[in-house]
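We did not get these values from a lab; they are worked out from the coordinates using the rules stated. Nothing here was measured: the structure is a model prediction, and the numbers come from that model. Here Cβ is always computed from backbone atoms with ideal geometry, including for glycine, and neighbour counts include all displayed protein chains.
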Amino acid sequence: MKIPSLEQSRKMERTPCEENTRRLQGFKDSPDLQGSADPPVQDTGSCGQRVHEEAGEAGGPKLPDGGVWVQATGEGQSQHHTLSQILLKLMHLLELLRDHLERGGSRRQVETGSSSTEDVPSGRSLLNKGKPSRAQKKASQRNEELSRNKTNHQAEQRSFHLPNTLLLNSEIQKLHLKLEAEPKLWEKHIKYLERKVMEVKARCLQVNKELAKVHKKAAAAHWNLGLYRSMAQDLHRQGRKNLLFA
């Protein structure tokens, strides 16, 4: 944006209040700011009034409509020059701000009389300042949903983990008790088996003794049987002899 020409500057110097009012009215009628009270525009619009008031306090003759006649000698020329510079910068800022609003809020640097630069906020960002966008709302909803899902998942994990932990702890305690009781049980069983073995050994010794007695009895019976057989044979032979001699 170019700084206005000398002829335009002279025109603004002749009627600064009217020119400022006309430009501010055109800026407020912009379709991008319909129905909105943008703080930068209001501050800029009041700047010209403050400049006129300061100029009036400096001692210049006042007009009926609130304007100020600027004297052309000495201190009046200095005030007139300062007022012209302020109005030029004001018009330049208004044009740049309107250009930003028309281009969708692209970022530019505003050149001032002292060669300093500042970032001009976009009109769309000024209008939407303080209002979350649709993407931000969706992101916030997704974050809330994720946090709820995470909380539910953690609660489910705790609900599953607690019973399982209690069950596992009870099983582990049972196994510990069983392992502690196993040696005693096996010792008792081993002692029982040893006692049975001793009983069987004693029974075997008793049976062996009885078998020895039975063997002796059988041997005596066998000897008696042989004796009885020989005696029978002798009697048989003796009877036959007696029959032959008779």
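Using 0.36 nm times the number of residues separating Glu145 and Ser133, minus their current alpha carbon distance, what extension gain do you get? Present the calculation step by step, with values, prior to reporting the outcome.
On the way: separation 12, 0.36 × 12 = 4.32 nm, distance 1.82 nm.
So the chain would gain 2.5 nm between Glu145 and Ser133.
Charged neighbours of Lys217, selected by a Cβ distance under 15 Å, balance to +2 (K, R count +1; D, E count -1). Charging the Cβ of each Asp and Glu at -1 and of each Lys and Arg at +1, and nothing else, the dipole of the stretch 188-246 about its Cα centre rounds to 260 debye. Across the stretch 160-177, coupling constants 3J(HN,Hα) worked out from phi with the 6.51/-1.76/1.60 Karplus curve, θ = phi - 60°, read 6, 6, 5, x, 4, 5, 5, 5, 5, 5, 5, 5, 5, 5, 4, 5, 4, 5 Hz, and Gly and Pro carry x.
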